[in-house]
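See structure below.
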Amino acid sequence: MAGVVESVWTGLVGCRRPLRVFPDGCVDLVWNGTEIAAVTTVRGVLRHELPSAEWTVGLRLRCGVGGAVLGLPMTELSAGATPLRDLWAAGARRAESELAGCGTPGEARTVLETLVAERLRDVEVDGLSIAAARALSAPGARTDRVAARLGVSERGLRRHVRNDVGVGPKELQRVLRFHGFLKRVEAVARDHASLADVAADVGYADQSHLGRECRRLSGASPGALVRSWTGRNVPD
């Protein structure tokens, strides 16, 4: 599963609260104590309500595998949380029954990993979309050169990426560039780098370009994100 699963995580929730989920092209399979949901956003920030729970467990699918693993084109999946039982009826319900009996996050992580491993025996993951996402995340990447390197036409690249991520290569590139900025927010918050330096490093034309894209994809300015630095998903 190494090429498909980016990470497995545990979250401490407590009381019901809202969360901002920033776009990154990935899909999170999240157990919230009641159901497993496929949570995704790629076009912009998602306002997601966390239900009251002692803990949650999630498994993040790598950018480029969503369509194959979920079993439908990502263009047909709305941003937000979709009950996994709507996509994988029998398997999801069985896993939810097992998760309801888990007493620790570790036990729940094992159930989610087993669920995805079983799913992968029945589907074929397109490595081209994974490779495309990796290539498009490089500063200065061009979609025509990425397509040529992967041995497909630009039209073919667009078809694969839209199916597996939900947007075309150029839009995905904008999302991945923004995600590159998010990875550097800590450095700015700790005064190890300036916003102008980070903007140039991750591929923005200048700091103003970063500001426009940041507002479009997160609803906040770069400075506001630095001030509220806590990572990918932050309290609303």
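Derived scalar couplings between HN and Hα for the stretch 21-37 equal 10, 7, x, 8, x, 8, 10, 9, 8, 10, 9, 10, x, 10, 8, 9, 10 Hz in order, rounded to whole Hz, by the Karplus curve 6.51 cos²θ - 1.76 cosθ + 1.60 (θ = phi - 60°), x for Gly and Pro.
A protection proxy built from the mean count of other Cβ atoms within 10 Å ranks the segments 81-89, 158-166, most packed first, as 158-166, 81-89. Note on the chain: the alpha carbon radius of gyration divided by the globular reference 2.2 N^0.38 Å gives 1.03.
What fraction of the DSSP beta bridges in the chain is antiparallel, stated in percent and rounded to the nearest 5?
On the way: 30 of 30 bridges.
Of all bridge pairs located within the chain, approximately 100 percent are antiparallel.
In this rough spin-label picture, where each label sits 7 Å from Cα along the Cβ direction, the Ser228-Ala148 distance is 4.2 nm.
Read-outs throughout are calculated quantities, based only on the coordinates presented, and are distinct from any laboratory measurement. From a predicted model like this one, the values you see are computed outputs, not experimental measurements. Quick reminder, even Gly has a Cβ in these numbers, built from the backbone with ideal geometry, and neighbours come from all protein chains shown.
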